[in-house]
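The block underneath contains the structure these notes are about, expressed in structure tokens.
Read-outs throughout are calculated quantities, based only on the coordinates presented, and are distinct from any laboratory measurement. Predicted model, so just to flag it, every value in this text is computed and none were measured. Ideal geometry is used to build each Cβ from the backbone, glycine not excepted, and the neighbour counts take in all protein chains shown.
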Amino acid sequence: MTGLSVDGSRLLGRLHTLGEIGRDKDGRLTRLAASDSEKAGRDAVAGWFREAGLEVAVDRVGNLFGIWSGDADANAAPLMLGSHIDTVINAGIYDGCYGVLAALEVVQSMKEAALTPACPLVVAAFTNEEGVRYAPDMLGSLVYAGGLAVEDALATIGTDGTQLGEELARIGYAGPHEPGFLRPRAYLELHIEQGPVLEREGLPIGAVENLQGISWQRVIIEGRANHAGTTPMSMRQDAGHAAARVVTFLRDRAAASNAPTVATVGCMAFEPNAINVIPSRATFTVDLRDPDEARLQREEAALAAYLDELAVAEGVTITTERLARFEPVIFDRGIVEQVERAAARRGLRCRRMTSGAGHDAQMMARICPTAMIFVPSKGGVSHNPEEHTAPDELVAGANVLLDMVRELVEAGGDKRGRCW
Ligand code: HGY
Ligand code: MN
Ligand code: MN
């Protein structure tokens, strides 16, 4: 393969431009799925797709695609690269966006170098990967992979009471294509690690071989409102206190475990939420994750048992609602080895690793050979405006992706002359 590299300044420029779309008056970046700010982000990305000469396509759940067939048979199974551009609240600029824009940069660089892929190349920006407004997370890629019916996805009601289908139509991204309309021969996702491993070991590239299981629940605790000043402690049915006990139970259990299990309570609300009223209701979310499915199930069972005990001890009623549940995923060994070879060819040290975060790749692995490439996250920080990866590390990751794509799809493909 002749030496070709991406246009690093174009990639970094687009990253920073997209990173400015969706900032509020205080400069906080939030582009929740199907919101006005995400529409603006989608419009920018679709514009860059067109600028690069890619055909733009949108499916019924708003998944956005840039397609380049070159001289290849447009009906041949494509190689798909991508990630997402929706964000969490008060986000950084790299999570997801780096993968979409690096994928575009790879395709555009190949196109500009007049390379002739043996199959179409597709850049994907999947809907609602973060799952902050609509659960579950990775919703767009889950539907694309056949794991959730389109109608059920469109009927999803968000944390703000809106319906996903109506919001996609409102922002003009309720597309005509059936999710899954392009059946990829493989899917590659380049992403920031969002954890501390690569930076701690001084490595520029991670070859992601697996991704941990995710369990999301909503817990509702019903107690009894009462006067904060007149109600003796022994007579309280305090939903707020019961919720606090769950938070410490989860934290202490995960921290005491030698396993990599992680537990997070990210959202909590009290009712009536008044300084002098004992909370009658507490509603909160539980995010449990573990690379081992059996252990994750044990953690879910331990929480359920604790909630049963707590309800009796505190005189409250506790109900739970499943928001998302995905088993751990093992990525394609062949592609993982290819990441390692591509990194080595660029003189970049690399290690195999597990993804602690969820990604669209975990859904695409259901329908085609899939793997991920990680680049370091400064301080291991993500889902935080301080999220950062050094420019040279971002460009290095994009060049590894470029080399992998070329090896997979350049006319003649691999030794056996097939694209994949
Ligand atoms: O929650 C996750 O791991 C991902 O950011 N959606
Ligand atoms: Mn992400
Ligand atoms: Mn994320």
TODO: Apply 1/(1 + (r/R0)^6) to the Cβ-Cβ distance of R322 and D392, taking R0 = 25 Å, and write down the FRET efficiency to the nearest 0.05.
DONE: 0.05
- [ ] Assign one of three labels to region 46-152, namely rounded, prolate or oblate, based on the Cα gyration tensor with a ≥ b ≥ c the square roots of its eigenvalues; rounded applies when a/c is under 1.5, prolate when it is not and a/b is larger than b/c, and oblate otherwise.
- [x] oblate
Task: the chain: angle of helix 391-409 to the longest principal axis, Cα-based, in degrees nearest 10 - done: 60
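Using alpha-carbon pairs under 8 Å, 6+ residues apart, how would you state the relative contact order of the chain in percent?
Value for the chain: 22 percent.
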TODO: Grab the chain and count how many Lys pairs have their alpha-carbon atoms under 30 Å apart, sequence gap of 8 or more, or different chains.
DONE: 5
TODO: Per DSSP H run of n ≥ 4, the term is -39500 (n - 2.57); total these for the chain, divide by its residue number, and report the mean residue ellipticity at 222 nm rounded to 500 deg cm²/dmol.
DONE: -10500 deg cm²/dmol
Task: Choice from L168, L29, L310 with maximal GNM fluctuation in the chain (Cα, 10 Å cutoff) - done: L310
Open item on the list: I'd like the distance between the alpha-carbon centres of region 1-31 and region 231-294, rounded to an integer number of Å.
Closed with: 37
Open item on the list: Taking the Cα of A149, stepping 7 Å toward and past its beta carbon, and measuring to each backbone N in region 113-135: which are under 20 Å?
Closed with: 135
Task: Extension reserve of the R349-A274 stretch, reckoned as 0.36 nm per residue once the Cα distance is removed - done: 21.5 nm
- [ ] Per residue of region 75-80, in order, report the coupling 6.51 cos²θ - 1.76 cosθ + 1.60 (Karplus, θ = phi - 60°) as ³J(HN,Hα) in whole Hz, putting x for Gly and Pro.
- [x] 8, 5, 4, x, 8, 10
TODO: Run the quick spin-label model on T17 and A255: label points 7 Å from Cα toward the beta carbon, then report their separation in nm to one decimal.
DONE: 4.6
TODO: Multiply the residue separation of V247 and Q297 by 0.36 nm, subtract the distance between their alpha-carbon atoms, and state the gained length in nm to one decimal.
DONE: 16.2 nm
TODO: Quote the charge dipole size of the chain about the Cα centre in Debye, to the nearest 20; the model charges only the Cβ of Lys and Arg (+1) and of Asp and Glu (-1).
DONE: 440
- [ ] Could you point to the residue in G397, T231, S69 farthest towards the positive end of the chain's charge dipole, with +1 and -1 charges on the Cβ of Lys/Arg and Asp/Glu respectively?
- [x] G397
Task: Nonlocal amide H pairs with M353, under 5 Å, H built at 1.01 Å - done: A207, V208, E209, N210
Open item on the list: Compute the helix-to-body angle for 36-51: its Cα long axis versus the longest principal axis of the chain, expressed 0 to 90° and rounded to tens.
Closed with: 10
TODO: Could you tell me which of A305, P117, L154 has its Cα farthest along the dipole of the chain towards the positive end, charges placed at Cβ (Lys, Arg +1; Asp, Glu -1), taken about the Cα centre?
DONE: P117
TODO: List C97, C267 from most exposed to least, where exposure is judged by having the fewest other Cβ atoms within 10 Å.
DONE: C267, C97
